[in-house]
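Notes for the one structure printed next.
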2 protein chains.
Amino acid sequence: MATSDARPTEMRERILTAAAIEFADRGYAGTSIGLVAEKSGTGKGLVQYHFKAKSDLALALVHASFSKAPFANVLGDARPAHGIEAIVASIRGVAGAFRDDVRVRASVRLVREYHLIEATLPTPYVGWITRIGMLLREAEVAGEVPGGLDHDREAWHLVAYFSGVQEVSNRLTEREDLPERIEEMLARSLAALGVVNLEAFL
Amino acid sequence: MATSDARPTEMRERILTAAAIEFADRGYAGTSIGLVAEKSGTGKGLVQYHFKAKSDLALALVHASFSKAPFANVLGDARPAHGIEAIVASIRGVAGAFRDDVRVRASVRLVREYHLIEATLPTPYVGWITRIGMLLREAEVAGEVPGGLDHDREAWHLVAYFSGVQEVSNRLTEREDLPERIEEMLARSLAALGVVNLEAFL
């Protein structure tokens, strides 16, 4: 069998991708170790060699997604960005990941279904709020926003607004209109922050 | 037994309230007809006389909440409000219902868990977006907002922003900071809409 030749790290990745597809599509309750084994073209024993329980699959996906660049930080490969430019890149990056990366999609769904999962998942939102708060402080020093903003409060609102935009876009259009809605959100939010020379960032 | 004396409509309401508490707390998957019977102080047979399946309990709760005033309309008992005043009353009313009304809380959770439920739930958001779009048109006629806004698009963003605010507030503080966050959201959103004489509405 071709799959038996795969090296352990390759097999682990293949299992995680299969699990992500199932979690994103069926949710935590609808996914089983047996289904993940079938979808990754291997057996239950090999899945359980890498991940003892279904909750370990969920944890591995969520931890990997949450430690990834756009959630806590800006895009890893992009040239270094600062202040408002970094905030815009981060919000666009997370929106893109929601659309294009099934592991991120699975993680977002799993984090919403945390009550079903017998493991402690990381708390969503807080890392991103902290990071955006820091970037708003940078933006103030650089003269990109007026002084006197409550940076952490504004960061909270950016993350909450983003979260609602992705949720409603997902529910009403399966995220088809997400890029357009994100640009609309950015225009409204940056204007509300009083960003100087707004057009340069959009 | 006292419960046997209850008239059918009273018993139906008692069962629905017990179901709402369980759905809000444990979600759809964690709730059963047996548990609802126990919590409403009756038997499985009587629950099933009113609601054949668990999905019928979920449907009844969601339909009642969605047809209720604040979702599609403004608060039922309040004096008639128009334009921006009605939008503010509607957003505050829905936020209050999320905090104080276990049937609304259950409905919101059930609508999020729609993939688990063997019944077609009404689509969330769209009724409220339509209603707020109409109120924004009223507001334009009354000179409360500048002309030329895309009312339905702005309504979409108000509902999405609200949805994210309640989600993040729920996740990080179990909605303890929701009233404060809603006022912050209203101040930012009405300013972004260019509402004339803003302070009069907040």
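The values are calculated or read from the model by the stated rules, or taken from the named source; none is laboratory data. Just so it is clear, the structure is predicted and the values come from calculations on it, not from any experiment. Note that each Cβ is placed from the backbone with ideal geometry, even for glycine, and that neighbours are counted across all protein chains shown. The area values use the complete protein model at the heavy-atom level, side chains included, leaving out ligands, DNA and RNA. Shrake-Rupley method; radii C 1.70, N 1.55, O 1.52, S 1.80 Å.
Screening B:E140 against (1) open to solvent by less than 30 Å² (accessible area, probe 1.4 Å); (2) part of a helix (DSSP H, G or I) leaves a single unmet condition, (1). The residues on offer are B:L178, B:L110, and the sole one that is at pLDDT 95 or above and in contact with a Phe, Trp or Tyr (Cβ under 8 Å, 6 or more places away or on another chain) is B:L178. Of all residues in segment A:119-156, those satisfying the criterion of being among the small types (G, A, S) and more than 15 Å from A:I84 (Cβ to Cβ) are A:A119, A:G127, A:G148. Of the numbered conditions (1) part of a helix (DSSP H, G or I); (2) within 14 Å of chain A (Cβ to nearest Cβ); (3) at pLDDT below 95, B:S65 satisfies every one except a single condition; which is it? Every listed condition holds for B:S65 apart from (2).
Note on segment A:30-44: among residues that are among the aliphatic types (A, V, I, L, M) and out of contact with any Gly (no Cβ under 9 Å at 6 or more places or on another chain), the one that is nearest to B:R26 (Cα to Cα) is A:I33. Applying the criterion of being open to solvent by 20 Å² or more (accessible area, probe 1.4 Å) and in a helix (DSSP H, G or I) to the residues of segment B:107-127, the residue that is farthest from A:R109 (Cα to Cα) is B:G127. For beta carbons closer than 8 Å, sequence separation of 6+ or different chains, a first residue in segment B:146-175 that is closer than 17 Å to A:R112 by Cβ and more than 7 Å from chain A (Cβ to nearest Cβ) and a second that is crowded, with 20+ Cβ neighbours inside 10 Å and of a type in the set (S, T, Y), the qualifying pairs are B:R175/B:S169. Only one entry in A:G194, A:G148, A:G127, A:G133 is out of contact with any Leu (no Cβ under 7 Å at 6 or more places or on another chain) and modelled with pLDDT under 90, namely A:G127.
When segment A:1-15 is limited to residues that are acidic (D, E) and either closer than 21 Å to A:S65 by Cα or crowded, with 19+ Cβ neighbours inside 10 Å (or both), the one that is modelled with the lowest pLDDT turns out to be A:E10.
Within segment A:176-193, the set of residues being in contact (Cβ under 8 Å) with a residue 40 or more places away in the chain and open to solvent by 30 Å² or more (accessible area, probe 1.4 Å) comprises A:P179 only. The set of residues in segment A:16-56 being assigned to a helix (DSSP H, G or I), more than 14 Å from chain B (Cβ to nearest Cβ), open to solvent by less than 60 Å² (accessible area, probe 1.4 Å) and within 21 Å of A:D100 (Cβ to Cβ) consists of A:L16, A:T17, A:A18, A:A19, A:A20.
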